[in-house]
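Everything below concerns the one structure shown next.
What follows is calculated from the coordinates using simple rules that are stated; it is not laboratory data. From a predicted model like this one, the values you see are computed outputs, not experimental measurements. All Cβ positions, even for glycine, are placed from backbone atoms using ideal geometry, and neighbour counts span all protein chains on display.
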Amino acid sequence: MLVAIEPKAPDILSPIRHRAEVMANRRVATETWWLELDSPEIAGRAEWGQFVMIGFGLEHLAPPFLPRPFSVAWRAEDGRIGLLVRAFGVGSRRLAELRAGEHVLLLGPLGRPFRLEPGSRVVCVAGGVGLAPFLFLAGDARRQAFDVDLLYGELTADKVFDAGLIEELTGGPPIVWTEDGSLGRRGRVTEGLSVEGRVTVLACGPTPMLRALAGRAAREGFDLQVSVEEHMGCGVGTCQGCVVLGADGRWKKACTQGPVFYASELTWSPS
Ligand SMILES: Cc1cc2nc3c(=O)[nH]c(=O)nc-3n(C[C@H](O)[C@H](O)[C@H](O)COP(=O)(O)OP(=O)(O)OC[C@H]3O[C@@H](n4cnc5c(N)ncnc54)[C@H](O)[C@@H]3O)c2cc1C
Ligand code: FES
């Protein structure tokens with residue numbers, strides 16, 4: 001069993017780069033894998049919502065040649081980090097095929113993390129593998145005596161990450177939504193959001209979900225933090241591949257100024 005450790009202050013200026021051993025990799029839902037890597041330094045420093053860039057090294061002469069960003073979904077006392085990987089492209093499929101004992105190149109922890117307001121209720125809205133940062137956050141926050149609701153939506157039941165393991169990692173059951181009603185409540189996970197009293201609302205998932213929540217936050221006047229999933233080439237502010245348009249009309253780099261933003265900091269174009 002993975003045992004959580006308490007977070008330390010983030011240090012986004014000096015990420016750690018190293019070759020990490022794969023400790024375990026198993027399929028946990030349709031096209032979805034739970035990957036554990038040996039990375040004591042990243043495990044010791046990662047904050048909620050931060051990510052790692054994972055590369056494979058050029059010696060294999062096989063794509064992808066650029067690293068890919070993945071949220072730190074868990075970190076354990078024994079120095080492992082856990083990642084929740086949905087495989088659909090060349091890089092994520094290679095991650096799905098990894099076996100214990102193989103190695104990847106890691107850079108991290110990177111990016112601006114989620115922040116919790118002391119004394120508030122925490123509501124996490126997760127769409128698909130947007131669940132990843134909240135496995136880590138919800139467990140820590142509950143241990144720090146925050147009242148946490150974890151709303152988790154998928155299209156269909158076969159894509160839902162093991163609810164028992166979610167409960168083990170986060171200390172409470174998720175509220176599961178599926179769009180076809182094949183598991184949990186029927187509909188979109190955003191329908192489950194109720195904002196009453198002092199609440200910190202955090203969201204991670206596909207852009208249409210974040211856009212819908214941002215519209216609601218603007219109409220109803222609550223603060224919303226979102227983690228955006230942009231394409232990233234470097235993860236450290238060099239390639240400009242990850243820019244999003246700020247509400248002030250300036251481009252922001254999702255890798256260094258995000259991936260977590262207040263929704264009010266960004267421009268949300270119509271879908
Ligand atoms: C900060 C951050 C954290 C992330 N955390 C996770 C995580 O925990 N688990 C997880 O499964 N994924 C996560 N992602 C997404 C993950 O990085 C992409 O799925 C991955 O880079 C895809 O690489 P690939 O080589 O498999 O796909 P590619 O072969 O590069 O792409 C396949 C197809 O998908 C499209 N595509 C690729 N990436 C994206 C994207 N981000 N948004 C929209 N379309 C895209 C491409 O245009 C292409 O059409 C995260 C992304 C970011 C920015
Ligand atoms: S990923 Fe290269 S600048 Fe953000």
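A compact table of results
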item	result
Selection status of Val52, closer than 20 Å to Ile166 by Cα and either assigned to a strand (DSSP E or B) or within 13 Å of ligand 1 (Cβ to nearest atom) (or both)	no
Count - residues of segment 56-110 that are surrounded by fewer than 14 Cβ atoms within 10 Å (Cβ to Cβ) and either more than 23 Å from Ala29 (Cα to Cα) or touching a helix residue (DSSP H, G or I) at 6+ places or on another chain (Cβ under 8 Å) (or both)	10
2 or more residues out of contact with any Ser or Thr (no Cβ under 8 Å at 6 or more places or on another chain): qualifying strands (runs of 3 or more DSSP E) within segment 57-167	68-71, 103-110, 121-127, 148-154
Which listed residue, of Val195, Val201, is out of contact with any His (no Cβ under 9 Å at 6 or more places or on another chain) and buried (at least 21 other Cβ atoms within 10 Å of the Cβ)	Val201
Members of segment 208-238 that are in a helix (DSSP H, G or I) and touching a residue at least 40 places away in the same chain (Cβ under 8 Å)	Pro208, Met209, Leu210, Arg211, Leu213, Ala214, Gly215, Ala217, Ala218
Top-ranked residue of segment 190-206 - restricted to ones that are within 16 Å of ligand 1 (Cβ to nearest atom) and either free of Cβ contacts under 8 Å to residues at least 24 places away in the same chain or part of a strand (DSSP E or B) (or both), ranked as nearest to the chain's Cα centre (by Cα)	Cys204
Residue list for segment 42-55, filter: surrounded by 21 or more Cβ atoms within 10 Å (Cβ to Cβ), within 16 Å of ligand 2 (Cβ to nearest atom) and not aromatic (Phe, Trp, Tyr)	Gly49, Gln50, Val52, Met53, Ile54
